[in-house]
1. Could you grab the pairs with beta carbons closer than 6 Å, sequence gap of 6+ or different chains, first residue in region 206-234 and of a type in the set (Ser, Thr, Tyr), second one open to solvent by 10 Å² or more (accessible area, probe 1.4 Å)?
2. Taking region 164-215 as the search range and keeping residues that are open to solvent by less than 50 Å² (accessible area, probe 1.4 Å), outside any strand (DSSP E or B) and within 30 Å of Gly83 (Cα to Cα), which one is farthest from the ligand (Cβ to nearest atom)?
3. Identify, by number, the condition in (1) more than 19 Å from Lys237 (Cα to Cα); (2) buried (at least 19 other Cβ atoms within 10 Å of the Cβ) that Ala46 doesn't meet.
4. Among the residues of region 130-148, which ones are in contact (Cβ under 8 Å) with a residue 40 or more places away in the chain and open to solvent by 60 Å² or more (accessible area, probe 1.4 Å)?
5. Tell me, which residue of region 103-122 that is in contact with a helix residue (DSSP H, G or I) (Cβ under 8 Å, 6 or more places away or on another chain) and more than 16 Å from the ligand (Cβ to nearest atom) is least open to solvent (accessible area, probe 1.4 Å)?
6. List the pairs whose first member sits in region 244-266 and is outside the structural domain of Glu75 (by TED's automatic domain parsing), whose second member is surrounded by fewer than 16 Cβ atoms within 10 Å (Cβ to Cβ) and part of a strand (DSSP E or B), and whose Cβ atoms are under 8 Å apart, counting only residues at least 6 apart or on separate chains?
7. Test each condition in (1) under 19 Å from Asn242 (Cα atoms); (2) under 25 Å from the mean Cα position of the chain (by Cα); (3) surrounded by fewer than 14 Cβ atoms within 10 Å (Cβ to Cβ) for Ser69 and report the one that comes out false.
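The values are calculated or read from the model by the stated rules, or taken from the named source; none is laboratory data. Note that the structure is a prediction, hence the values are computed from the model and not measured. Here the Cβ is made from the backbone with ideal geometry for all residues, glycine too, and neighbour counts use every protein chain on show. Ligands, DNA and RNA are stripped out before the accessible areas are found, and what is left, the full protein with its side chains, is counted by its heavy atoms. Shrake-Rupley method; radii C 1.70, N 1.55, O 1.52, S 1.80 Å.
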Amino acid sequence: MATTPPIDPYITKPKVYLVGRQLVADEEVARFLEDEGLAFTTDAGAAAEVLTEIAGRTCYMSFGKGRKSNREYMENILSSKHGSVLEHAVWCLLITGVSRALTHELVRHRAGFGYSQLSQRYVDESEARYVVPPLYQENPELRQKWQQTIEWIRKTYAELAEVTTQYVQQKHPEMAPRDRRKWARQAARSILPNATETKIFVTGNSRAWRHFLELRGSPHADTEIRLLAIEVCRVFKKEAPNIFQDIELVDEPDGMPSVRVVHSKV
Ligand SMILES: Cc1cc2nc3c(=O)[nH]c(=O)nc-3n(C[C@H](O)[C@H](O)[C@H](O)COP(=O)(O)OP(=O)(O)OC[C@H]3O[C@@H](n4cnc5c(N)ncnc54)[C@H](O)[C@@H]3O)c2cc1C
């Protein structure tokens, strides 16, 4: 019988899943255009770009007038910094293979984002995986030292969670087993390191994502979150090339790409 290979507890790069995108309700757009006596077509590929263009054109009732392509339309939105229009384009990303250190930085991005993150109180972290900081990925000696420490923490966490569960059981026999485990885990998690892998579901609008890419794709950002920003940038360049038309990945002297933005903080 085939056996599944053991999961490597060490992770070296983030994974980004684009799990949610918008849909245009064509019949309702048609009803609006008919009611207003307007004609409008767009060459936008992504629903998010169609909706953003409709939102922007509503401001001046410029349907069927002015700029011909969605790319041209978006260029004008970006260069004139009419950024609130970009809030109508929304995507959901499910991000895995990132550390708690990274998500602590990610959730500092408040405007235009919603988050749902794996709970260390509900989920048993005895089998948690750990994200190897990029600097330790390139140096075997440092990596070994780092890994020894992680192994010790891993083992100690499992032991601590077990004895803490027993203690809570003695102290609170009236508690439901699920609550006892939660109490034990919420105490034991205090020794888990920043490198512990987490999973986070992030919903954000394009104005917010652009700001995230600009700040976190920079050479000044932490390397792990910069790698995430690079990946997110690739996803969005493919998904909505017009909204992200002025954003490029460029190779930097430090050996990694960075995210360059022409229209900063739209
Ligand atoms: C390289 C780097 C180093 C950093 N170092 C540190 C550090 O040492 N310590 C630390 O604490 N943080 C640090 N940060 C985090 C940083 O201070 C921000 O919290 C984070 O980048 C989110 O930026 P933001 O507030 O612009 O984003 P968001 O919260 O997404 O806000 C986007 C924009 O909306 C507007 N906005 C949002 N909320 C408000 C508000 N309440 N009032 C008015 N305007 C608002 C602002 O224009 C803001 O730029 C660092 C960030 C980077 C990129």
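1. What qualifies is Thr223/Pro134.
2. Only one residue fits best here, namely Ser206.
3. All conditions pass for Ala46, except number (1).
4. Passing the criteria: Leu135, Gln137.
5. Looking at the filtered set, the residue picked out is Gln120.
6. Pro257/Val250; Pro257/Asp251; Ser258/Val250; Val259/Glu248; Arg260/Glu248; Arg260/Val250
7. Unmet for Ser69, out of (1) under 19 Å from Asn242 (Cα atoms); (2) under 25 Å from the mean Cα position of the chain (by Cα); (3) surrounded by fewer than 14 Cβ atoms within 10 Å (Cβ to Cβ): (2).
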